[in-house]
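The block underneath contains the structure these notes are about, expressed in structure tokens.
Please treat every number below as a calculation from the coordinates, not as lab data. Predicted model only: the values in this text are computed from it and were never measured. Here the Cβ positions follow ideal geometry from the backbone for every residue, glycine too, while neighbour counts run over all protein chains shown.
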2 protein chains.
Amino acid sequence: MNTTEISESPSRQRRKEARPAELMAAALELFVERGFTATKLDDVAARAGVSKGTLYLYFASKEELFKAVIQQGILPVLDQGEEMLSQFQGDEGLLLEAMLLRWWEMVGCTHLAGITKLMISEAGNFPEVAQFYYENVIVRGRGLIRTVLERGIASKQFRRMDVETAIDVILAPQMMFTIWRHSLGPCDCGKQNPEAYLKTHMKLLLNGLLTTEKKK
Amino acid sequence: MNTTEISESPSRQRRKEARPAELMAAALELFVERGFTATKLDDVAARAGVSKGTLYLYFASKEELFKAVIQQGILPVLDQGEEMLSQFQGDEGLLLEAMLLRWWEMVGCTHLAGITKLMISEAGNFPEVAQFYYENVIVRGRGLIRTVLERGIASKQFRRMDVETAIDVILAPQMMFTIWRHSLGPCDCGKQNPEAYLKTHMKLLLNGLLTTEKKK
DNA sequence: TACATTACTGACCAGTCAGTCAGTAATGTG
DNA sequence: CACATTACTGACTGACTGGTCAGTAATGTA
């Protein structure tokens, strides 16, 4: 609109390397908030402080932007998780807790958390991206937990169990909590202090609900 | 298109009461599959076997159709759940398992399951509907589980616990499983036999992961 | 047959938005 | 200064879709 305000900020110099990252960050926020179709590229560009034309200098289409947001956002986290797991030795209960807490710090409480909700919402419209996400995030993420559980069973700290189902039971509350913050979260103002929540969650998981062992 | 095929089915008589239900069923399927914005009313009408004009005889706008799909779809299930709970007496572990199984039969394996995913995806675009859903589905649903847990604690079958967190831990795998079937489910062809999954899930929840009680 | 009512249709309109591109501004370089 | 290159802009367009409404078909009924 107003072309007279050129130097809106003194640090507002050209940083050509930063443009795609800025655009992807803006797109992630809006995709998570409104969904892919309901997000206008004009709004994405505006939030990144550029015009729509600039967006098309870096991304060939709206769909390419979507793919970039999903693919480049989450992969580094998995890399770090696998690195962390390969170095840790010792108590598997603590390891499990440490990994979940770490995930919370790196994903759950950052803007990356929205990717989970975004992928679930849009999987039907982007089967190829969904497939990519499944193979590179879901399968690898489950693999991390599987390793911890198998170590724990081998060391007799964990009971024998159906490991695949246990992975679901462990990850589901994490994922729901994450999704929640980007959907129905604003409806309930309680549920603060995620670290405390995580600890309680872990204790329940480790010890179960029953007072006594129940053979069955 | 082809207006010559009028009697496509012998039972294809006018059933004016059925029209809104047919339209809502078609809309639910498409909303879940594609999201609200990406769903075209022409497609909804076509799937219900009528024209777009007919849709507007029963729903004032696309948004009203959305509200009707959410509000009228899920409420009867909660009514039945509360009825069931008020009549049951006895072992709370079994009660919990029975309720989760029942929920699976009435929601999880029916087309109603999609409402969960739909509401999570679209909550940001429809805050009022989200608020309604939160108060009438989430709060009531959690109330059902809370009652079971409190009964179990009172009868000493369940250990003392943070009940609100336990509700999360119990419901999250259910909800994730449901959401999964309508998003990334098609990517992994495993994960069949939900009844067996539910039983394993219950066992893990009740007994926990550890071999021995851990004081902390 | 004549008329009324109900159910439905689909061409049309008006608004929206992804994607384009001719042109501008800033910077570099000799 | 002249010229080239890079970064960016925003008005424009073409396709699409929510919503409308004049008209048609089926049924009722007298």
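Summary of computed values
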{"read-out": "Pair B:R160, A:E83: separation of 7 Å Cα→Cβ label points (nm)", "value": "4.4"}
{"read-out": "Nearest residue to the symmetry axis between B and A, taken on chain B by its Cβ, in whole Å", "value": "B:G208, 1"}
{"read-out": "Percent RCO, i.e. relative contact order, over chain A, from Cα pairs under 8 Å lying at least 6 residues apart", "value": "22"}
{"read-out": "Calculated label separations, A:A21, copies of the chain, 7 Å along the beta-carbon direction, nm", "value": "5.7"}
{"read-out": "When each of A:K40/A:K67; A:K156/B:K199; A:K67/B:K52; B:K156/B:K203; B:K67/B:K203; A:K62/B:K117 is checked by Cα-Cα distance, pairs over 27 Å", "value": "A:K67/B:K52; B:K67/B:K203"}
{"read-out": "Positive-pole candidate from A:M161, A:G124, A:I179, dipole of region A:124-185, charges at beta carbon", "value": "A:M161"}
{"read-out": "Distance in nm between pseudo-label sites at A:N136 and A:A196 (7 Å out along the Cβ direction from Cα)", "value": "3.9"}
{"read-out": "Other copies of B:Q87: label-to-label distances in nm, shortest first, labels 7 Å along the beta-carbon direction", "value": "5.9"}
{"read-out": "Helix A:139-154 vs. chain A, principal-axis angle (Cα, 0 to 90°, nearest 10)", "value": "20"}
{"read-out": "Alpha carbon centroid spacing (whole Å) that separates region B:133-190 from region B:52-69", "value": "33"}
{"read-out": "Distances in nm from B:Q72 to the matching label points in the other copies, shortest first (labels 7 Å along Cα to Cβ)", "value": "4.7"}
{"read-out": "Residues of region B:160-193 with amide N under 14 Å of the 7 Å Cα→Cβ point at B:R146", "value": "B:162-168"}
{"read-out": "Exposure rule at most 15 other beta-carbon atoms within 10 Å, DSSP loop GluC sites (Glu not before Pro): chain B longest free segment", "value": "B:18-212"}
{"read-out": "Chain B: angle of helix B:163-181 to the longest principal axis, Cα-based, in degrees nearest 10", "value": "40"}
{"read-out": "Simple label model, 7 Å out from Cα along Cβ direction - B:S51 to A:Q71, nm", "value": "4.5"}
{"read-out": "Computed [θ] at 222 nm, deg cm²/dmol, chain A (DSSP H ≥ 4; -39,500 (n - 2.57); rounded to nearest 500)", "value": "-20000 deg cm²/dmol"}
{"read-out": "Relative contact order, percent, region A:25-148 [alpha-carbon distance under 8 Å, six or more residues apart]", "value": "34"}
